[in-house]
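Data block below; observations after.
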Amino acid sequence: SIHAAFDEVGITKIESLGKVLNPALHNAIQVVPATDKNAPNTIVEEMQPGYMFGDNVLRAAMVVVAK
C-alpha cells in the first residue's frame with residue numbers, strides 16, 4: 001500500500017485533529033466558532049492530510065480551525 005511505501009522512505013502523516021494550529025504545518029482553509037468542546041485555535045476538521053519527510057514539510061495539512 002502507499003502508506004507502507006511512505007513508511008519505508010520516512011514520510012509521515014502530520015497529526016492535526018485536536019491540535020493547536022501551527023502555521024508551519026497547517027493551512028487553515030476555514031474558521032468556525034469555538035464551542036465548549038473546541039478551544040480557540042484548535043483544529044476541528046482535517047480536509048486534506050499533510051505529510052513530513054524527516055523535519056521537512058512535504059505538504060501542509062488543510063484544516064478547519066475553531067476561533
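Structure data summary
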| quantity | calculated |
| --- | --- |
| Members of the stretch 11-53 found to be modelled with pLDDT under 95 and out of contact with any strand residue (DSSP E or B) (no Cβ under 9 Å at 6 or more places or on another chain), listed by number | ASP36 |
| Elements of type strands (runs of 3 or more DSSP E) contained in the chain, each with 1 or more residues being free of Cβ contacts under 8 Å to residues at least 12 places away in the same chain and surrounded by fewer than 12 Cβ atoms within 10 Å (Cβ to Cβ) | 56-59 |
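The values are calculated or read from the model by the stated rules, or taken from the named source; none is laboratory data. All of these numbers come straight from a predicted model, not from anything done at the bench. Note: ideal-geometry Cβ built from the backbone for every residue, glycine included; neighbour counts use all protein chains shown.
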